[in-house]
1. For the chain, how big is the tail of P(r) above 26 Å, as a whole percent of Cα pairs?
2. Can you list residues from other chains, or at least 5 along the same chain, whose modelled amide H is less than 5 Å from the amide H of Asp161?
3. Each residue of region 50-65 in turn: what ³J(HN,Hα) in whole Hz from Karplus with 6.51, -1.76, 1.60 and θ = phi - 60°, glycine and Pro shown as x?
4. Could you tell me which of rounded, prolate or oblate describes region 1-85, using a ≥ b ≥ c as the square roots of the eigenvalues of the alpha-carbon gyration tensor, with rounded for a/c under 1.5 and, failing that, prolate when a/b is larger than b/c and oblate otherwise?
5. Working from Cα positions, state the angle (0 to 90°, nearest 10) between the long axis of helix 186-198 and the longest principal axis of the chain.
6. Which cross-chain or sequence-distant (5 or more) residues have an amide H under 5 Å from the amide H of Ile126, H modelled 1.01 Å from N in plane?
7. Would you mind checking the tilt of helix 225-241 against the longest principal axis of the Cα atoms of the chain, expressed as 0 to 90 degrees and rounded to 10?
8. List the residues whose amide H sits under 5 Å from the amide H of Tyr42, counting only those 5 or more places along or on another chain, with H placed 1.01 Å from N in the peptide plane.
Amino acid sequence: MESMKNRRTIRKYTSENIPDTLLKELLEVAARASNTGNMQLYSVVITRDKANKEKLAPAHFNQPMITTAPVVLTFCADANRFVKWAEQRNAVAGFDNFQTFIASTIDAMLFAQSFCNAAEEKGLGICYLGTTAYNADQIIEALSLPRLVVPIVTVTVGYPDGMPEQPERLSLEAVIHQETYQDYTPEAIDALYHDKEELEVNKQFVRENDKETLAQVFTDVRYTKANNEHFSEVLLKVLEEQGFLK
Ligand SMILES: Cc1cc2nc3c(=O)[nH]c(=O)nc-3n(C[C@H](O)[C@H](O)[C@H](O)COP(=O)(O)O)c2cc1C
């Protein structure tokens, strides 16, 4: 509970390496996560080699964590292994569809998050990189991912170099609904986002980006409609090519 309460994303790492034994132990415990039908529709690619990290970096828009973290983990939705097993055992798997893609994405994320919980509990720092799903085509190429394997999320791991401020969260009231969903009135939205908008760090964010509101920083700068639509197209094409949209 304490490590989960105190956690924050770590984007700067010391040069200390992560022993293979520790990494294996963390992945072993992460594999205890619940998963669809115990089929374990996921894989993880471990990147430690400098040249291979450099190969991945452009796909992550050169976010520095890729080349500065001792370990880069690419978590993949993976129906390939299971389907191969089925084929070898006279079983016909109908897994080349969107349903299986979602199931394997859920499995990959639960595995990834369980790894992160365990790693943070052991004093390591992690950063998720969502660029994996944006440039999945480039990552497939860099990691030689076969049909029915799609990279979902990347996690950089290392020993923290400094401790950034813990970012705020909305109050729990914002995210829970008792029994049925109570839709948000304009007054509720004002109240729930008030503290976030009043934080100096977020006000600074608005000024730096020359915007009127914090919401505009997200919609006009960080997660634009044009980008969202472009990367949706890339991802749909990837799903088609990797055999998940039959
Ligand atoms: C799916 C996902 C993708 C993310 N992608 C990035 C990323 O590309 N770069 C980055 O610096 N942080 C990334 N993050 C980290 C979030 O920005 C971070 O979790 C959030 O701001 C809350 O901060 P905290 O984890 O320190 O509480 C990602 C997190 C998730 C869950």
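Taken together, the values in this text are just the output of simple stated rules run on the coordinates, not laboratory data. It should be emphasised that the depicted structure is a prediction, and the values quoted were computed from it without experimental measurement. Cβ: placed from backbone, ideal geometry, glycine included. Neighbour counts: every protein chain shown.
1. Numbers: 15181 of 30135 pairs.
It works out to 50 percent of all Cα pairs.
2. Amide H neighbours of Asp161: Lys12, Tyr13, Thr14.
3. Karplus-based 3J(HN,Hα) across region 50-65 equals 4, 5, 5, 5, 5, 5, 7, 3, x, 5, 9, 6, 6, 4, x, 4 Hz.
4. On the way: a/c = 1.95, a/b = 1.28, b/c = 1.52.
It comes out oblate by the Cα gyration axes.
5. The angle comes out near 90 degrees.
6. Distant-sequence amide H within range of Ile126: Ile10.
7. So the helix axis and the longest Cα principal axis differ by about 10 degrees.
8. Answer set, sorted by chain and number: Asp78.
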